[in-house]
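J.: My structure is below; once you've seen it, I'll send some questions.
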Amino acid sequence: MKIIVLGSAAGGGFPQWNSNAEACRRARQGDPAAESRTQASVAVSCGGERWFLLNASPDLRQQINNTSALHPRKGLRDSPVAGVVLTGGDVDAVAGLLTLRERQALTIYATQRIHGVLDANPIFAVLARDIVARSVEALDHPFALDGLTASLFAVPGKVPLYLECGNEPPPLVVDDTTVGLEIVDGDSRMLYIPGCAVMTLPLRRRLEGADLVFFDGTLWQDEEMVTAGIGEKNGRRMGHMSLSGPDGTIDAFRTIKVGRKVIIHMNNSNPVLLSDSPQRAEAEAAGWIIARDGMEFVI
Ligand code: MLT
Ligand code: MN
């Protein structure tokens, strides 16, 4: 199984268009310790011929242009992109679908709930149904991705921001709203979990023994956006567990045995983005790989 990281930042990317915070300024100035990143997405393939995108980020056009494996190969219209698997309905997971609207045959794989969100929004009708198939996947029911076998599973999360009602925090749910993706190829197993509100026992069990895990690295500290004066919400309120602290991802994974573990979906406020930060050193010392755009894995 081949995996290419197309984008590694959370919604907004790094630098974020309207952020004048120090880290974003460093990224804009081309500081090599503050490498720019597009919004999170990964491409997966069994043999390198046909590729499946895990989420379609708003940066998808740039990501495809930056990735030769995803370029057209023959004829006047062609793409190795065979499909897109969605792990949620957030803008940073679905907006890139609109980039794929040029009448190219492909399949969108998602839960009933997420297909319902797309169906309720007429703009996604540009992905004409006579050529773009919608495949509804039940949780924990394997489906084929051209030689790979995938399944979606529930992780704790919340509805997409634009579906929240009023100012009340939406409840955390464990259903087909926010899902993780497991892909196996007979020998190897990888998990893609760009959003997760809290570690649970079933999730621990699923992670155990995986060869490669991409995991939600949105924030370093739950309150970092509030403390920095750039937002009113903490990580938990946004449906993301943080990397540090006793309930954090780094601690949780100390007792979960996995092959390689990769932090992805990093918000521009997260100091692990900076290669000269103590937080980066701490994450790497705990065995984490910090995703970069263009990074490749073979498992
Ligand atoms: C998230 O990951 O929390 C969302 O992408 C936030 C958003 O929709 O901007
Ligand atoms: Mn996101």
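A short reminder: the numbers here are calculations on the coordinates, not readings from a lab. Keep in mind that what you see is a predicted model, and the values were worked out from it rather than measured. Please note: Cβ atoms are built from the backbone with ideal geometry, for glycine as well, and neighbour counts cover all protein chains shown.
J.: Tell me which of Ile3, Asn267, Leu172 sits at the most positive position along the dipole axis of the chain, charges placed on C-beta atoms (Lys, Arg +1; Asp, Glu -1).
T.: The one lying farthest along the dipole's positive direction is Ile3.
J.: Antiparallel as a % of all DSSP beta bridges within segment 2-298, to the nearest 5?
T.: 50
J.: Choose one answer from Glu282, Glu49, Glu22: the residue with the largest mean-square fluctuation in a GNM of the chain with alpha-carbon springs under 10 Å.
T.: Highest fluctuation among the options: Glu22.
J.: Tell me, what is a quarter of the convex hull surface for the C-alpha atoms of the chain, in nm² with one decimal?
T.: Values: hull surface 60.2 nm².
Projected over every direction and averaged, the Cα hull of the chain covers 15.1 nm².
J.: Just subtract the alpha-carbon distance of Lys74 and Asn18 from 0.36 nm times their residue separation and send over the number in nm, one decimal.
T.: Roughly 16.2 nm would be gained on extension.
J.: Projected onto the charge dipole of the chain (+1 at Lys/Arg Cβ, -1 at Asp/Glu Cβ, origin at the Cα centre), which of Asn65, Thr38, Leu118 gives the Cα projection farthest towards the positive end?
T.: Among Asn65, Thr38, Leu118, the one farthest towards the positive end of the dipole of the chain is Asn65.
J.: Provide the gained length on full extension for the span Thr227 to Asp175, in nm with one decimal, where the gain is 0.36 nm per separating residue minus the Cα-Cα distance.
T.: 15.6 nm
J.: Still on this structure, please answer the following. Dipole magnitude of segment 2-298 about its Cα centre, charges +1 at Lys/Arg Cβ and -1 at Asp/Glu Cβ only, in debye to the nearest 20? Display every interim value, and only then the final one.
T.: On the way: 29 positive and 35 negative charges, 112 e Å.
Dipole magnitude for segment 2-298 comes out near 540 debye.
J.: Per the helix-only calculation at 222 nm, which mean residue ellipticity applies to the chain, given -39500 (n - 2.57) for every DSSP H run of n ≥ 4 and division by its residues, nearest 500 deg cm²/dmol?
T.: Working: 8 runs with 49 residues, N = 299.
Result for the chain, helices only: -4000 deg cm²/dmol.
J.: Counting Lys and Arg as +1 and Asp and Glu as -1, what is the net charge of the other residues whose Cβ lies under 9 Å from the Cβ of Leu139?
T.: -4
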